[in-house]
Amino acid sequence: MQDWDQLSKEIVHWIKQYAESNQITSLIVGVSGGIDSAVTSTLCAKTGLNTIVLNMPIHQDTSQYDLSNRHIDWLRSNWGNVESHIIDLSETFTTFDNEVGECKSNLTLANAKARLRMTTLYHFAGLTNGIVVGTGNKVEDFGVGFFTKYGDGGVDISPIADLYKSEVYALADALGVVKEIQDAAPTDGLWDDGRTDEDQMGATYEELEWAMQEAENPSSGSMTDRQKEVVAIYERLHNANSHKMNPIPVFSRSKITKGT
């Protein structure tokens, strides 16, 4: 059985060791009001290093905005090394939206929001000799590629990317993360209609976690119709988003065949 307190200590040590070995003095985390960013920012705070957390609303749903601020208040009340800023990017995004005119789609605009936030995080990292700390979990980062390339996928280190979503929830409980954040439906907060992650992917994290484990270690038993459907969803997302999860292709002169 996993000792969650021990795991949190190991991750905290890993973050701190990486920062110190690279002469990094600040950790920069975007806090969305979701479980992943709440756990990641808490682990960063526990390092004792200067931890800068940013709430970056873009025409944000009030409940998400409020949860982000509640978590930030909780962090600051428990760790004196936490610094926070609210950077409202709504007008910046609206200007971009207007400038591209008809050259856009709902998806490209959602991705633009994530990339504006990435730019903001690196702005603060540059100001403070810091690194941007990723908040993606294992299912998102290595299973279905549920992140924006060069958006929330643009980070320097990823402390929870080897944890399944269920493990992130268990760690959140052990860390004492605000209960409302633990209970909130997972969402990336990039869509005006408030759609959840499950709405977008067609399956729950619990189902996708199972499918990811099934892909790695296939079982010999028969599947239900729903399990077959989930496997198909997982494989479709994994294949479609492989360009995010694999290294960028680099042309190699060493592979050129002589005479061609």
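Observations on the structure shown:
- The single condition among (1) among the hydrophobic types (A, V, I, L, M, F, W, C); (2) touching a residue at least 12 places away in the same chain (Cβ under 8 Å); (3) not in a strand (DSSP E or B) that MET1 does not meet is (2).
The rows are residues; the columns are (1) modelled with pLDDT under 95; (2) surrounded by fewer than 18 Cβ atoms within 10 Å (Cβ to Cβ); (3) farther than 21 Å from GLU167 by Cβ.
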residue	(1), (2), (3)
GLU10	no, yes, no
GLN17	no, yes, yes
SER21	no, yes, yes
THR25	no, yes, yes
THR40	no, no, no
CYS44	no, no, no
THR47	no, no, no
MET56	no, no, yes
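- Odd one out for VAL168, checked against (1) touching a helix residue (DSSP H, G or I) at 6+ places or on another chain (Cβ under 9 Å); (2) at pLDDT below 95: (2)
- Residue count for region 189-198, restricted to those that are free of Cβ contacts under 8 Å to residues at least 40 places away in the same chain and closer than 21 Å to ASN239 by Cβ: 1.
- Selected residue (only one of THR135, THR204 is of a type in the set (Val, Ile, Thr) and in contact (Cβ under 8 Å) with a residue 24 or more places away in the chain): THR135
- Failed condition for VAL250, given (1) of a type outside the set (S, T, N, Q); (2) within 23 Å of the chain's Cα centre (by Cα); (3) at negative phi: (2)
- Qualifying residue in region 237-250 (condition: without any contact (Cβ under 8 Å) to a residue 40 or more places away in the chain, surrounded by 11 or more Cβ atoms within 10 Å (Cβ to Cβ) and among the hydrophobic types (A, V, I, L, M, F, W, C)): no
- Matching helices (runs of 4 or more DSSP H) fully within region 133-228 where at least 1 residues are buried (at least 18 other Cβ atoms within 10 Å of the Cβ) and of a type in the set (Lys, Arg): 165-175
The values are calculated or read from the model by the stated rules, or taken from the named source; none is laboratory data. Predicted model only: the values in this text are computed from it and were never measured. Counting neighbours? That spans all protein chains shown, and the Cβs are built from the backbone with ideal geometry, glycine included.
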